[in-house]
Amino acid sequence: MFQSLSERLSATLKSISGKAKLSEDNIQGTLREVRMALLEADVALPVVRTFIEAVKQRALGTEVASSLSPGQAFLKIVQSELEATMGSSNESLNLATQPPAVVLMAGLQGAGKTTSVAKLAKRLIEREKKTVSVVSADVYRPAAIKQLETLADEVGARFIPSEPNEAPVDIAKRALQTAKTQFSDVLLVDTAGRLAIDEDMMAEIKALHTAVNPIETLFVVDAMTGQDAANTAKAFGDALPLTGVILTKVDADVRGGAALSVRSITGKPIKFLGVGEKTQALDPFHPDRLASRILGMGDVLSLIEEAEQKVDKAKAARIAQKVKSGKRFDLEDFRDQLQQMSNMGGITGMLDKLPGMGGMAQAAQANMDPKLFVRMEAMINSMTPKERRNPDLIAGSRKRRITQGSGTQVQDLNRLLKQHKQMQKMMKKMKGGGMERMMRGLAGNMPKGGGFPFR
């Protein structure tokens, strides 16, 4: 996430963070580099100007001059201003109204509105224990209604049917009445998008807004459009009383211009980030945590929250108990571990949130096959239960059968078996020895030179 901006800012600020004394000259040089990094990340020019001026005023004041570590104080100022630019703190949804609380989703075509409706429904159902109804008022895009029906079924939301020959306002009014009779806590309304802003689109979305009087009107925008995302959000904000923004496709955005521009240009908070295609890939937006990640300081709080929400505690406890009692760590256990890691965003997703590990996350991404875990799991699934419990049985014709069944090569299976043996040895060292032994084992199994043995 935002790799190019993070690399550039980290390198620039590293040169000044260790300085014992700051002068106007070295501050100006650093700010010039920061300014270029932000512009290259497609941050809107007015936002860059305001940001640089705010940092400059604070850096040349007593805040830095009186500090015991001026370089570190300067870095703290940059982090603080990044947070302020993006909104200071997380702002959650306001659902404090007589049910159903209506949430209207607006945005251009292709921004990810329908997927975001499903992600938000899943989040409200699982985290806030809400009953959620969803409806599509998109009568223009082929299969839009069917897509939402499929996603609603996947996440456990109540789907309210609609037809392409209905008027969007009629759909929304009927859905509101249905949600009331269903005693739903929340009604999410998916609206039609266009390839560009036009008068008809704005007139329709205004009429929809008037018809259902939503408590939240969220603008869904593709982060990869950079500065244009902020400008489009402003155009919608001028037409609608927006209450917040959902930035989608953030995981694929290496620049970060949208995240740094939207709040300043629209005055509306970013409430959620879409960080993948899966229905659970919606994260609340925390400006302080994102600023920390951009500056290469990690995001341990989000990592802990992800572990709490995505790790299967029963499986983890079962494996821990097995290791503690000295029982063999088999391939079924290994598959469970792979699934847990995949749920956490894989190795790169975890490393990216650890302080100082941003560069290693990028190295892992460059060196690792993105479908590695999928292939490894497919190979384990192609084994018999007996083979998973006793990997030593796997040889000759068994290897051929497993690789043919999983669409892999024998060398892939050999690598998997070798990695499992290494993990097994590490688990043995944990028996009665605690974390210290495990970490020593891990260090011993790491390849020399910082490479990754998974390619």
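The values are calculated or read from the model by the stated rules, or taken from the named source; none is laboratory data. Computed from a predicted model, the values in this text were never measured in an experiment. Positions of Cβ are backbone-derived with ideal geometry, glycine not excepted, and every protein chain shown enters the neighbour counts. These area figures cover heavy atoms from the full protein model, side chains too; ligands, DNA and RNA do not enter into them. Shrake-Rupley method; radii C 1.70, N 1.55, O 1.52, S 1.80 Å.
General observations
- Meets criteria (out of contact with any strand residue (DSSP E or B) (no Cβ under 7 Å at 6 or more places or on another chain) and closer than 24 Å to G110 by Cβ) for A137: no
- The lone exception for N94 - which of (1) in a helix (DSSP H, G or I); (2) of a type outside the set (F, W, Y); (3) open to solvent by 50 Å² or more (accessible area, probe 1.4 Å); (4) closer than 30 Å to T50 by Cα it fails: (1)
- Count of residues meeting criterion [modelled with pLDDT of 70 or more and open to solvent by less than 10 Å² (accessible area, probe 1.4 Å)] in the stretch 48-64: 3
- Matching entry among K386, K399 (being open to solvent by less than 50 Å² (accessible area, probe 1.4 Å), under 19 Å from D330 (Cα atoms) and at pLDDT 85 or above): K399
- Among (1) assigned to a helix (DSSP H, G or I); (2) open to solvent by 20 Å² or more (accessible area, probe 1.4 Å) - the single one A259 does not satisfy: (2)
- Hits in the stretch 371-425 (condition: assigned to a loop (DSSP other than H, G, I, E, B) and in contact with a helix residue (DSSP H, G or I) (Cβ under 8 Å, 6 or more places away or on another chain)): S382, M383, I394, G407, T408, Q409
- Under the condition of being closer than 21 Å to Q147 by Cα and surrounded by fewer than 18 Cβ atoms within 10 Å (Cβ to Cβ), the residues counted in the stretch 177-216 number 3.
- Pairing each residue of the stretch 32-59 that is more than 21 Å from T225 (Cβ to Cβ) with any residue that is of a type in the set (D, E), provided the two are 6+ apart or on different chains, yields C-beta distances under 8 Å for A54/E81; V55/E81; R58/E81.
- Of the residues making up the stretch 145-176, those that are out of contact with any helix residue (DSSP H, G or I) (no Cβ under 8 Å at 6 or more places or on another chain), surrounded by fewer than 21 Cβ atoms within 10 Å (Cβ to Cβ) and in a helix (DSSP H, G or I) are K146, E149, T150, D153, D170, R174.
- Qualifying residue in the stretch 118-141 (condition: free of Cβ contacts under 8 Å to residues at least 12 places away in the same chain, open to solvent by 50 Å² or more (accessible area, probe 1.4 Å), over 23 Å from the mean Cα position of the chain (by Cα) and farther than 22 Å from D283 by Cβ): no
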